[in-house]
Amino acid sequence: MHLGQSWTDQKMEETIGNLLRAGVLLSASVVLAGGVIYLIRHGHSSADYRVFRGEPTDLKTLRGICGSAFKLSGRGIIQLGLLLLIATPVARVAFSVWGFAAEHDRMYVVFTLIVLAILLLSLAGFAGPG
Amino acid sequence: MSVLEFTALVWTGSLVAGLLGSLTGLGGGVVLVPLLTLLFKVDIRYAIGASLVSVIATSSGAAAAYVKEGFSNIRIGMFLEIATTLGAIVGAFLATKVSASSIAVIFGVTLLYSAFLSRRPRTKQEREVPPDPLATRLRMNGSFPDAGGMRSYNVQSVPTGFSLMFGAGALSGLLGIGSGAVKVLAMDQAMKIPFKVSTTTSNFMIGVTAAASAGIYLNRGYIDPGLAMPVMLGVLIGSLLGARILVEAETKWLRLLFSLVIALLGAEMVYKALTGRI
């Protein structure tokens, strides 16, 4: 490994570290804000998770979640924060494509694109009609 | 129980799980699902959904620190993520097909195995292996900061490691855990990567692996915001606290205690599932 490569590797790793930290901080704040609204409105209802019912459409599709978060529904905002959290590692992989390209490492650009494609395919199943 | 009480209790429990998981290096996700299903009587599918989300949070939070220290190898991580993400998708689809009690049995057995793995002695740091042609072609050999300056290492058995990683991904997608123990096993034992590099690279990979199955869980309605909120916030704060107060010498007994807890929870999950109570 020559000096130029290790330098960009280090820069890339630092940027990735900051990206991950920012993503987690942002999503945790959104989840917390949604949680406060949810607890104020529903804190005194009874909690029961014994029976699995599955979530309603507005809490499991991209459009539904954005719609209910926009209406300031506590549960909708929490779900939006969780979506941001799931997007954080995806953003990390997308950034690495650029990072390996900047190092002219074609082989790892291809590997990273494969990982990105797998992630996006999984999320596309989520964004589409479920 | 009211939503307020439930949220406060689940948050506290998740905080303790995150704290112990980070102090012992065994991961908090592994005790979350048994905690939620056995103690709080949550359906295992909701529990797995919430756990998966918290796994992404802790992995991304901790990786931010590790990556900067220069221990994790981003090339090894990225290459093996091809295997873990594919496995995670397969695991998440399996989770929607398999019954809740079968998932509980697999979960319990995994817990027992992780408890066993955590009692095995760590590999010696001084391990010299010759360079492997495939690993060299894949530019996986690297170096990491050590007491005496930078130490370089060679990577072995890439195909074995890759297959084990597929299994780790599937387990993660099926059970909503990070399956860090299997990832470290693949890298440390099969690929002969130094322990410190293995654990930090594993942590780095966990978030991406979990993200691959999280979309499917969300789409299937397995992620409930009311439950995931206290779990995610609790585990995240607990693990960040744990990373701050990490004292090597004190963790030996804690590790033993925590692996005993994991083994007991595993046995109880298998027992309850087999007697038809999960």
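The values are calculated or read from the model by the stated rules, or taken from the named source; none is laboratory data. If you're wondering where the values come from, they're calculated on a predicted model, not measured in any experiment. We place every Cβ from the backbone using ideal geometry, glycine too, and count neighbours over all the protein chains shown.
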| Any idea which of B:L174, B:L227 is modelled with pLDDT of 85 or more, within 10 Å of chain A (Cβ to nearest Cβ), touching a Leu at 6+ places or on another chain (Cβ under 9 Å) and under 24 Å from A:Q79 (Cα atoms)? | B:L227
| Can you tell me how many residues in segment A:80-101 are facing another protein chain (nearest Cβ under 9 Å) and either more than 12 Å from the chain's Cα centre (by Cα) or among the acidic types (D, E) (or both)? | 3
| Can you tell which of B:M165, B:M150 is more than 23 Å from A:F52 (Cα to Cα), within 14 Å of chain A (Cβ to nearest Cβ), outside any helix (DSSP H, G or I) and not hydroxyl-bearing (S, T, Y)? | B:M150
| In segment B:122-141, how many residues are modelled with pLDDT under 75 and not basic (K, R)? | 3
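Quick check on B:A135: is it in a helix (DSSP H, G or I) and within 28 Å of B:F258 (Cβ to Cβ)? I'd like the intermediate steps shown before the answer.
Details: in a helix (DSSP H, G or I): yes; within 28 Å of B:F258 (Cβ to Cβ): no.
Criteria not met by B:A135.
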| message | Being in contact with a helix residue (DSSP H, G or I) (Cβ under 6 Å, 6 or more places away or on another chain) and more than 7 Å from chain B (Cβ to nearest Cβ) narrows it down to one residue among A:V30, A:V24, A:V36; which is it? | response | A:V30
| query | Here are some conditions: (1) more than 10 Å from chain B (Cβ to nearest Cβ); (2) within 22 Å of B:V231 (Cβ to Cβ). A:H104 meets all but one. Which one does it not meet? | reply | (2)
| note | Flagged pairs (Cβ under 8 angstrom, 6 or more apart or on separate chains; first in segment B:76-101, at pLDDT below 95; second among the acidic types (D, E)) are B:A100/B:D43
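Being under 15 Å from the mean Cα position of the chain (by Cα) and within 11 Å of another protein chain (Cβ to nearest Cβ) is the requirement here; does B:M187 meet it? Walk me through it before giving the result.
Details: under 15 Å from the mean Cα position of the chain (by Cα): yes; within 11 Å of another protein chain (Cβ to nearest Cβ): no.
Here the answer is no, as B:M187 does not meet what is asked.
Being aliphatic (A, V, I, L, M), in contact (Cβ under 8 Å) with a residue 24 or more places away in the chain and farther than 17 Å from B:T201 by Cα is the filter here; which residues of segment A:86-109 pass it? First the steps, then the outcome.
Applying the first criterion (aliphatic (A, V, I, L, M)) to segment A:86-109 yields A:86-87, A:90-91, A:93-94, A:97, A:101-102, A:107, A:109.
Imposing the further condition that a residue be in contact (Cβ under 8 Å) with a residue 24 or more places away in the chain reduces the set to A:86-87, A:90-91, A:93, A:102.
Selection gives A:I86, A:A87, A:A91, A:A102.
Across segment A:46-70, what is the number of residues that are of a type outside the set (K, R), within 7 Å of chain B (Cβ to nearest Cβ) and surrounded by 12 or more Cβ atoms within 10 Å (Cβ to Cβ)? Break it down into steps so the answer makes sense when it comes.
Step one: filter segment A:46-70 for residues of a type outside the set (K, R), giving A:46-49, A:51-52, A:54-59, A:61-62, A:64-70.
Next cut, within 7 Å of chain B (Cβ to nearest Cβ) only: A:46-47, A:49, A:51-52, A:54-55, A:59.
In the following step, the residues that additionally are surrounded by 12 or more Cβ atoms within 10 Å (Cβ to Cβ) were identified as A:47, A:49, A:52, A:54-55, A:59.
The total comes to 6.
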| note | When segment B:1-52 is checked residue by residue, the ones that are more than 16 Å from B:L236 (Cα to Cα) and assigned to a loop (DSSP other than H, G, I, E, B) are B:M1, B:F40, B:K41, B:V42, B:D43
| query | Checking A:R41 against (1) at pLDDT 90 or above; (2) at the interface with another protein chain (Cβ under 7 Å from one of its Cβ atoms), which test does it fail? | reply | (2)
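Does A:S73 qualify as being within 8 Å of another protein chain (Cβ to nearest Cβ) and of a type in the set (S, T, N, Q)?
Working: within 8 Å of another protein chain (Cβ to nearest Cβ): no; of a type in the set (S, T, N, Q): yes.
Answer is no for this residue.
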| Can you tell me which residues in segment B:154-180 are surrounded by fewer than 24 Cβ atoms within 10 Å (Cβ to Cβ) and aliphatic (A, V, I, L, M)? | B:V158, B:L164
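Is it true that A:T112 is polar (S, T, N, Q), touching a residue at least 40 places away in the same chain (Cβ under 8 Å), surrounded by 14 or more Cβ atoms within 10 Å (Cβ to Cβ) and in a helix (DSSP H, G or I)?
Working: polar (S, T, N, Q): yes; touching a residue at least 40 places away in the same chain (Cβ under 8 Å): no; surrounded by 14 or more Cβ atoms within 10 Å (Cβ to Cβ): yes; in a helix (DSSP H, G or I): yes.
Taking the combined requirement at face value, the residue does not satisfy it.
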